[in-house]
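Working notes, beginning with the structure itself.
Laboratory data are not the source of any read-out in this text; all were calculated from the coordinates shown. Note that the coordinates shown come from a computational prediction; the quantities given were computed from them, not determined experimentally. Positions of Cβ are backbone-derived with ideal geometry, glycine not excepted, and every protein chain shown enters the neighbour counts.
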């Protein structure tokens, strides 16, 4: 008979106690390092999380954390976006060096510089 607590059995016995109760013992003070939360999943989402949890041998919480991390890693940084668009107008002849200098001159005139 399995006498584990209900939350330990929630995801097929895979329980990530360190992630859920990550604490630091220093000078007799206990601090929570992780933020606990509650989410609602559809039945299909829960089955997908459970399946991946079983396959990888990790907790359901770890599956969700990894999915969030992967999503954050997939968003491009500002510098990556700027690198992608840099020079995107280079092929347009109306924005040649003479045009840029003419615009700078107008800006200087308006600013009194």
Problem set entry | Order of 46, 107 - criterion: other Cβ atoms within 10 Å of each residue's Cβ, fewest first | 107, 46
Exercise. Of the listed peptides 47-58, 95-106, what is their order by residue-averaged count of other C-beta atoms within 10 Å, with the highest listed first?
Worked result: 47-58, 95-106
Problem set entry | Spin-label model distance (nm) - residue 51 vs residue 35, 7 Å beyond Cα toward Cβ | 3.0 nm
For this session: Would you mind putting 71-77, 61-67 in packing order, based on average other-beta-carbon counts within 10 Å, highest first?
Result: 61-67, 71-77
